[in-house]
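The values are calculated or read from the model by the stated rules, or taken from the named source; none is laboratory data. Remember, predicted model here, so these are calculated numbers, not experimental data. Here the Cβ is made from the backbone with ideal geometry for all residues, glycine too, and neighbour counts use every protein chain on show. These accessible areas exclude ligands, DNA and RNA; they are computed on the full protein's heavy atoms, side chains included. Shrake-Rupley method; radii C 1.70, N 1.55, O 1.52, S 1.80 Å.
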Amino acid sequence: QVQLVESGGGLVQPGGSLRLSCVVSVSFFSRYALGWYRQAPGKQRELVARVTSGGSTNYADSVKGRFTLSRNNAKNTVYLQMNSLKPEDTAYYYCTAAWKSYDYWGRGTQVTVSS
């Protein structure tokens, strides 16, 4: 059974940092494109960052220069390093893994940026 388990969320002050982790229990992990999405209350879910199986990354304009996505294929894990956090980054963050017709989502972790 495929599982994606996120961790690392929490409450942080503006300007602070958090690192989200997502362990993906799936075969052929290295073949998957991995991503982080977020959804704030009353807003649509949006892509934050994504990395292909080849290692190419893309980011939402709102997080470029502040967030860094990375993957560790040996640990079946994807990370999202979030620096210079802003109140508008407050949202529920979801990890995703996709390959061919397979598309999996984690249950998410809450990130709250507030003083």
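Evaluated at 4 °C with a viscosity of 1.567 mPa s, what Stokes-Einstein diffusion coefficient in µm²/s does the chain have when Rh comes from the Kirkwood expression over alpha-carbon pairs? Could you put the intermediate results ahead of the total?
Working: Rh = 14.0 Å.
Rounded, D is 92 µm²/s.
Residues of the chain: accessible area per residue at 1.4 Å, in Å²?
Working: 6290 Å² over 115 residues.
On a per-residue basis, 55 Å².
Counting only protein heavy atoms and using a 1.4 Å probe, what share of the accessible area of segment 9-115 belongs to carbon plus sulfur, as a whole percent? Intermediate results must be reported in sequence, preceding the final value.
On the way: 2570 of 5720 Å².
The computed percentage sits at 45.
On full extension of the chain, what length is gained from residue 75 through residue 46, given 0.36 nm per residue of separation minus the C-alpha to C-alpha distance?
Values: separation 29, 0.36 × 29 = 10.44 nm, distance 2.61 nm.
Net length gain for the segment: 7.8 nm.
Can you order the peptides 55-68, 75-88 by their average number of other Cβ atoms within 10 Å per residue, highest first? Before the final figure, lay out the partial values.
Working: 55-68: 13.6, 75-88: 17.6.
Output ranking for 55-68, 75-88: 75-88, 55-68.
Taking Cα pairs under 8 Å and at least six residues apart, what relative contact order does segment 8-112 come out at, in percent? Walk me through the numbers before you get to the answer.
Working: 215 pairs, mean separation 36.9, N = 105.
35 percent.
Treating cross-link reach as a plain straight distance, find the lysines whose alpha-carbon is under 26 Å from the alpha-carbon of residue 100, omitting any fewer than eight places away in the same chain.
Cα-Cα hits under 26 Å: 75.
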